1. Does segment 43-52 include one or more residues that are among the aromatic types (Phe, Trp, Tyr), under 15 Å from the mean Cα position of the chain (by Cα), on the phi < 0 side of the Ramachandran plot and at pLDDT below 90?
2. Identify all residues within segment 1-23 that are part of a helix (DSSP H, G or I) and without any contact (Cβ under 8 Å) to a residue 12 or more places away in the chain; write none if there are none.
3. Being out of contact with any Lys or Arg (no Cβ under 8 Å at 6 or more places or on another chain), modelled with pLDDT of 90 or more, exposed (fewer than 10 other Cβ atoms within 10 Å of the Cβ) and of a type outside the set (Val, Ile, Thr) narrows it down to one residue among GLY23, GLY62; which is it?
4. Filter segment 28-46 down to residues that are part of a strand (DSSP E or B) and basic (Lys, Arg) and give me whichever is surrounded by the most Cβ atoms within 10 Å (Cβ to Cβ).
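The values are calculated or read from the model by the stated rules, or taken from the named source; none is laboratory data. The shown structure was predicted, so the numbers you read here are calculated from the model rather than taken from an experiment. Neighbour counts are summed over all protein chains in view; Cβ atoms, including those assigned to glycine, are modelled from backbone coordinates with ideal geometry.
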Amino acid sequence: MYEAKLSTKNQIVIPRGARVPLGLKPADKLLVVVRGDMIILMRKPEKYSEALRGAGQAPYAGHYLQKERDSWK
């Protein structure tokens, strides 16, 4: 975990320990996601269609869903 400080201009510097492993460079675009009292930063994808591929698939593996439906009978 790294610490960043908000400047008087409301800017932050992403610590090197987080920047280097992600390969972030100056002028890279990031998305800011607010979840309650948390902020999530992620690299902006070049193509949203590729970034979201598979996101709508059901998380149920195997026959779990069928077993649940059978239990309703």
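1. Just the residues of segment 43-52 that are among the aromatic types (Phe, Trp, Tyr), to begin with: 48.
When the remaining residues are screened for being under 15 Å from the mean Cα position of the chain (by Cα), the result is 48.
Next, only the ones that are on the phi < 0 side of the Ramachandran plot stay: 48.
Checking the rest, the ones that are also at pLDDT below 90 come to 48.
Yes; the residues of segment 43-52 include at least one that is among the aromatic types (Phe, Trp, Tyr), under 15 Å from the mean Cα position of the chain (by Cα), on the phi < 0 side of the Ramachandran plot and at pLDDT below 90.
2. ARG16, ARG19, VAL20, PRO21
3. Exactly one residue qualifies, and that residue is GLY23.
4. ARG43
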